[in-house]
1. Kindly state, to the nearest 0.05, the FRET efficiency for B:ASN236 paired with B:ALA380, given R0 = 25 Å and r defined as their beta-carbon distance.
2. With +1 on each Lys and Arg Cβ and -1 on each Asp and Glu Cβ, how big is the dipole of region B:291-332 about its Cα centre, in debye rounded to the nearest 20?
3. According to the square roots a ≥ b ≥ c of the eigenvalues of the Cα gyration tensor, what is the shape class of chain B, taking rounded for a/c under 1.5, prolate for a/b larger than b/c otherwise, and oblate for the remainder?
4. Could you line up B:ILE365, B:ILE241 from fewest to most neighbouring Cβ atoms inside 10 Å?
5. Residue by residue through A:20-31, how many Cβ atoms from other chains fall within 10 Å of the Cβ on average?
6. Sort B:332-338, B:96-102 for me by packing, meaning the mean count of neighbouring Cβ atoms within 10 Å per residue, highest on top.
7. Please list B:296-306, B:198-208 highest first by mean number of surrounding beta-carbon atoms within 10 Å per residue.
8. Just checking the output field for B:372-378: average partner chain Cβ neighbours within 10 Å of each residue's Cβ?
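Just so it is clear, none of the values below were taken in a lab; they were calculated from the coordinates. Quick caveat: nothing in here was measured; it's all calculated off a predicted structure. Backbone-built Cβ (ideal geometry, glycine too); neighbour counts: all protein chains shown.
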Amino acid sequence: MNPNTGDAAPRTVRLIELAHGRSGDKGDTVNVGVIARRPEYYPLLEQLLTVERVREHFAGMITGDVERFELPNLYALNFLLHGALDGGGTVSLMTDAQGKTFSTAMLRMELTVPAGVLEALESGQ
Amino acid sequence: MTQGSMIRIASGQGFWGDLLTAPVDQVRNGPIDFLMLDYLAEVTMSILQKQRSRDPSQGYARDFVPLMGEILPDCAERGIRVIANAGGVNLEACRDAVLAEARKAGLAGRVRIGVVVGDDILDRLPELIARGHELRNLDTGEPLETVLDRVQSANAYIGARPIVQALERGATVVITGRSTDTALTYAPMIYAFGWPEDAYDKLAAGVVAGHINECGAQASGGNTLADWESVPDLANVGFPIIEAYPDGTFYVTKHPGTGGRINRATVTEQLLYELGDPREYITPDVIADFTTIRLEDAGPDRVRVHGVRGRAPTDKLKVSISYHAGYKAVGTLVYGWPDPVKKAQAADRILRQRLDRLGLRFDEIRTEFVGWNATHGPLAGPPPPDLSEVELRVAVRSTDRAAVERFTREIAPLVLTGPPTVTGFAGGRPRVQDIVAFWPALIDRREIEPFLRVEVTEA
């Protein structure tokens, strides 16, 4: 509750609280799989992790576009980040030429979750 | 193996260089019917091609041979068959070395080695191009002709059918070149269950099982992000084992008493690894739809997988081509407290000024600050206050070898001619590395499949 207004305030959470994941490379593209820690979180991830939001999050880190695929059967989203690996493979000069740490780069994203949503999800309402 | 019922396919190696004890443990710590070993990454073929050009008896995954010497007696005793893409670009040499190991172990007459030949199209490239196959780069659209004089290896990804043939002809060890990683796992299912070529849902299930097996312990608790600190006994991690049934249902599990973890979370992480469009996981035998996978926890370290759907494959095969694309080198120095990032940034500026003054041309100079922002870039925010040290990492790339070589001599001088409290230079001058780039392309499968040959030889 917001003590001044009496309203429940929206909560800021890091994506890593709601999801885990794994990333890997294909040429100059990184894929980031984002997996809901609880099935109930999946609709929220689908709603909040838009292509636009992810593109904005990785601004300055990727030169190409972002694609999103849904796997509701696994409570997961798969993102392709194009132009993420400085050419990829052995051409890349990056420490993380295989994109292994892009999973947590994604998961450090801060999300604003509407008031009460997480609590409602957790109590199964 | 009980024909027609359930078979166990164990993963023993997720890449060349993986845990050496894993395949031995898979064979000795419990029941399995097949052991699959994945040795090939995209650039491995070019390394092997280079080894073969220096020595005609080389060009395969050498570690495979002593491993076979160690496990073949157990495998022969218990009827375990081995399937490995260890043959690289010299299948015959790999086979002969394993045959020698088998005889040395007193297994003459008890080991039959099948090889699948024909994926290597390096020598056929000029002829294929002359006949109008442009082998355009799937990422850039350029025709292969532009780099043809620098090509080092070229291999078509082949599917499970030739492996199945080898098994049908009694091979107890099947050695392939560039077969797909997943085929190593589902070929035994086709063989044991008699799945026809158009059993697409079952084949797709096999592909999913293959995707889980192909990275070894990455499906059984290794590199697991979900609650990683609670994953038990990774020192003794058990690699995954697929228990496959004729209807395409399978369980992912591992031997009792081993470390690691298999549950929905660890298997899901692996399913998403290196995934593209989940509805189109393309293999030579089937296109699997990963959005149809059903996963359920089915007991401790046991996950049930079912419901997978698939459809007919395309008329193309993927080709993996590697070519020489210049040179690179990486120099590192460590800067200490106070203000390590500021010092490393100053050193980077000085280095770049000197490279510039020398008139050296690079396609790229990349600077990273390991310990601050090397992996997460701008997401890392400003350097944390009172940081103790940071590693300056400068990498260069050029088609001019001399420029890269000169760069390697500009790192050490920074120690006495740059910012203070610098260390971490004991490793000596950076090494100039050849860049072997990957060129993905497609080819009509009718250009490859008629050339595939299966040979089975007895020890």
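1. Details: r = 35 Å, r/R0 = 1.40.
After rounding to 0.05, the efficiency reads 0.10.
2. Working: 8 positive and 4 negative charges, 40 e Å.
Roughly 200 debye, rounded to the nearest 20.
3. Working: a/c = 1.89, a/b = 1.50, b/c = 1.26.
Prolate shape, in that a/c is at least 1.5 and a/b is the bigger ratio.
4. Values: B:ILE365 18, B:ILE241 29.
Fewest to most other Cβ atoms nearby, the residues stand as B:ILE365, B:ILE241.
5. On the way: counts 9, 6, 14, 5, 6, 2, 7, 9, 2, 3, 1, 5.
The per-residue average across the peptide is 6.
6. Details: B:332-338: 17.7, B:96-102: 20.4.
Listed from highest to lowest mean packing, they are B:96-102, B:332-338.
7. B:198-208, B:296-306
8. Values: counts 0, 0, 4, 9, 7, 8, 6.
So the per-residue partner count for this stretch is 5.
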